[in-house]
Amino acid sequence: MGRRTPPVRLIQAVDRVRAALAGLHRSTAPGNVALLELATGAWTTQVLYVAAKLGIADQLATGPRRAADVAAAVGADPDAVHRLMRAMTSRGALRQRRDGRFALTAVGHALRSDSDGSLRDMVLFLGHPRHWEHWGALLHSVQTGEPAAEMLRGMPAFDYLDTDPEFAAVFNNAMTAASGLANDVALQAYDFSGCRLVVDVGGGHGAVLSTILRGAPDARGVLFDLPKVVEGAGPLLADAGVAHRTALEGGSFLESVPAGGDLYVMKNIIHDWDDEHALTILRNVRTGIAEDGRLLLLEMVLPERASSFIGHMLDLEMLVMLHGRERTRAQYADLLSRAGFRLIRVLPTVSPMSVIEAVAV
């Protein structure tokens, strides 16, 4: 069992304080100094990527160690590893003791491969050379409004993954890591006890659906995704103890979705698509949903005014990689209305994710 999750309002208050302190730092530092700190953010990504690739955090899992010992364990240059670990310390991932040994901080523990809530696989994606190339062409996306990944690869990003198994594995592992970050806390915000048939649209291997079904012991589930995806869902569903209550269906949500569910769930699906395709997906759900049915979207919801919210950066990731975007509450309400739904509420969580609830009309 992990630590008890603090209340949402407390987390939001802490986030506001952190944003205010960051703003105070930027406003009191000379402008060129603050700008330099921002502009070297790409260096930080690569520092964390190399640390994740070498398994630096795993070497510190049992306690503080000297950089030379870590370097010997990972097969890297001792001086360079020492310099890398100093840089990690400057970014808050490590701390250096008076005796010279380095220890993990809470941030550093999240870089371990075996820690609860590990984001090592996400870091390995964000710093991967292929992903690095995509962001290196952000100028193209801003000038044209088109995905840099599509320009560089000559095909849509999801099609490219089919041609590059190594990068596809990195991407899929990153998405699983991201799900682990948000699933439990997002789904804690909603009561699933009265559900009868839950349809997880684009549900991957069933991480979200299994979490829901564990909290709704009388419900059945349908896991819907591309055939090649749902074929690999068995082990996760079995480990969660919900395989006997889950039907697997393969298909494309751009064509149709399984019918008859009283609750449809989509996590990080709509943000992958432009409005035209998002409407197609939502209308397909509206066609299949029971008349008393509800729809839950698990997405980052942008504030109406720009802020320090990480969703603004993810919005650019959608621009660089896909034809998608992050949206505000008003934009989701408009999409849902045009698809035959009414937005009921947006539930914030302690993660950056929100739970958007809508009903069929």
**Study point:** Top positive-direction residue, dipole computed over the chain with Cβ charges, set GLN59, LEU248, HIS271
**Key:** GLN59
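Which trypsin sites (Lys or Arg not before Pro) in region 191-237 pass both tests, a DSSP loop state and at most 15 other beta-carbon atoms within 10 Å?
Numbers: sites: ARG196, ARG214, ARG220, LYS228; in loops: ARG196.
Passing both the DSSP loop test and the Cβ count: ARG196.
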**Study point:** Amide H partners (placed H, <5 Å) of TYR264, local residues excluded
**Key:** VAL199, ARG294, LEU295, LEU296
**Study point:** 3J(HN,Hα) from dihedral phi, region 145-161, Karplus parametrisation 6.51/-1.76/1.60, rounded to Hz, x for glycine, proline
**Key:** x, 10, x, 5, 4, 5, 5, 6, 9, x, 6, x, 4, 5, 5, 4, 4
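Quick check on the exposure proxy: order VAL229, VAL107 from fewest to most C-beta atoms within 10 angstrom. The partial results should precede the final answer.
Numbers: VAL229 18, VAL107 15.
With the fewest neighbours first, VAL229, VAL107 line up as VAL107, VAL229.
DSSP beta bridges in the chain, what fraction antiparallel, as a percent rounded to 5?
If we restrict to bridges inside the chain, about 45 percent are antiparallel.
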**Study point:** Assigned charges on the beta-carbon of Lys, Arg, Asp, Glu; region 182-360 dipole about Cα centre (debye)
**Key:** 320
Exercise for review: Only bridges with both residues in region 182-360 count here: give the DSSP antiparallel percent, nearest 5.
Suggested key: 40
Review point. Taking only the alpha-carbon atoms of the chain, what semi-axes of the equivalent ellipsoid follow from 5 times the gyration tensor eigenvalues under a square root, in whole Å, largest first?
Key: 37, 24, 22
Check your understanding: Suppose every K and R has +1 on its Cβ and every D and E has -1 on its Cβ; what is the size of the dipole of the chain about the Cα centre, in Debye to the nearest 20?
Key -> 1640
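Using packing as a proxy for protection, rank 29-37, 298-306, 138-146 so that the peptide with the highest average count of other Cβ atoms within 10 Å comes first.
Numbers: 29-37: 11.0, 298-306: 16.6, 138-146: 12.8.
By packing density, highest mean first, the sequence is 298-306, 138-146, 29-37.
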Check your understanding: Amide H neighbours of THR105 under 5 Å, counting only residues 5+ apart in sequence or on other chains, H built in-plane at 1.01 Å?
Key -> LEU94, ARG95
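What does the highest-first list of 257-268, 152-163, 126-137 look like by mean Cβ count within 10 Å? Before the final figure, lay out each step's value.
Working: 257-268: 21.9, 152-163: 14.5, 126-137: 16.5.
Top of the packing list down: 257-268, 126-137, 152-163.
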Check your understanding: Under 5 Å between amide H atoms, partner at least 5 residues away or on a different chain: which partners does ILE344 have, H built in plane at 1.01 Å?
Key -> GLU357, ALA358, VAL359
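Coordinate-derived values only; no laboratory data. What you see is a predicted model, and the numbers here were worked out from it, not measured in a lab. Virtual Cβ from ideal backbone geometry, glycine too; neighbours counted across all protein chains shown.
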